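Novice: Submitted below is the structure of interest, expressed as structure tokens.
The values are calculated or read from the model by the stated rules, or taken from the named source; none is laboratory data. What you see is a predicted model, and the numbers here were worked out from it, not measured in a lab. Every residue, glycine as well, gets a Cβ built from its backbone with ideal geometry; the counts of neighbours run over all protein chains shown.
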Ligand SMILES: [Zn+2]
Ligand SMILES: [Zn+2]
């Protein structure tokens, strides 16, 4: 999927919150769905569907289906951090944005709002409302730019 789903992100604090939201939407909490949620909740950063499937020893198709459902609910987002597959993450306490180094591949996960000043500058100059949660901001990390100097 290269389009961002038109669903507003939903912030949740924990598994109980996420489960409550699923119930409100009339979605049942299958074992696979709960395991996928728990894995994303425990992860340090975005995970590929393959990683989730192999960690949980679940069928990849079922993991994809569950990730898509969770994304449609606004609980999960995917990001393209390189040329690989989309990586999935829980919206959690807010939608994250990313900086990626195209020399060494370093990824910096930014807290919601950290790029607001950048966003404001782009809006003022170009009228675009930019977000870096689906595709990151790409450039050179501090180490790589030091090395280039
Ligand atoms: Zn995409
Ligand atoms: Zn770098």
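Novice: List the number of the failed condition for residue 74; all other conditions in (1) in the same structural domain as residue 135 (by TED's automatic domain parsing); (2) at positive phi; (3) surrounded by 17 or more Cβ atoms within 10 Å (Cβ to Cβ) hold.
Specialist: (1)
Novice: Another question about this same structure. Condition (residue is away from ligand 1 (no atom under 13 Å from the Cβ), surrounded by fewer than 16 Cβ atoms within 10 Å (Cβ to Cβ) and under 26 Å from residue 144 (Cα atoms)) applied to segment 49-62: is it met by at least one residue?
Specialist: Within segment 49-62 (the criterion being away from ligand 1 (no atom under 13 Å from the Cβ), surrounded by fewer than 16 Cβ atoms within 10 Å (Cβ to Cβ) and under 26 Å from residue 144 (Cα atoms)), the answer is no, since none of the residues qualifies.
Novice: Which condition from (1) assigned to a loop (DSSP other than H, G, I, E, B); (2) more than 16 Å from ligand 1 (Cβ to nearest atom) is the one that residue 147 breaks?
Specialist: (1)
Novice: Can you tell me which residues in segment 12-29 are under 17 Å from residue 90 (Cα atoms), touching a helix residue (DSSP H, G or I) at 6+ places or on another chain (Cβ under 8 Å) and surrounded by fewer than 13 Cβ atoms within 10 Å (Cβ to Cβ)?
Specialist: Correct list: 14 only.
Novice: Does any residue of segment 128-137 turn out to be more than 21 Å from residue 22 (Cα to Cα), outside any loop (DSSP other than H, G, I, E, B) and within 16 Å of ligand 2 (Cβ to nearest atom)?
Specialist: yes
Novice: Filter segment 83-114 down to the residues that are free of Cβ contacts under 8 Å to residues at least 60 places away in the same chain, outside any loop (DSSP other than H, G, I, E, B) and within 15 Å of ligand 2 (Cβ to nearest atom), then identify the one that is nearest to residue 17 (Cα to Cα).
Specialist: 98
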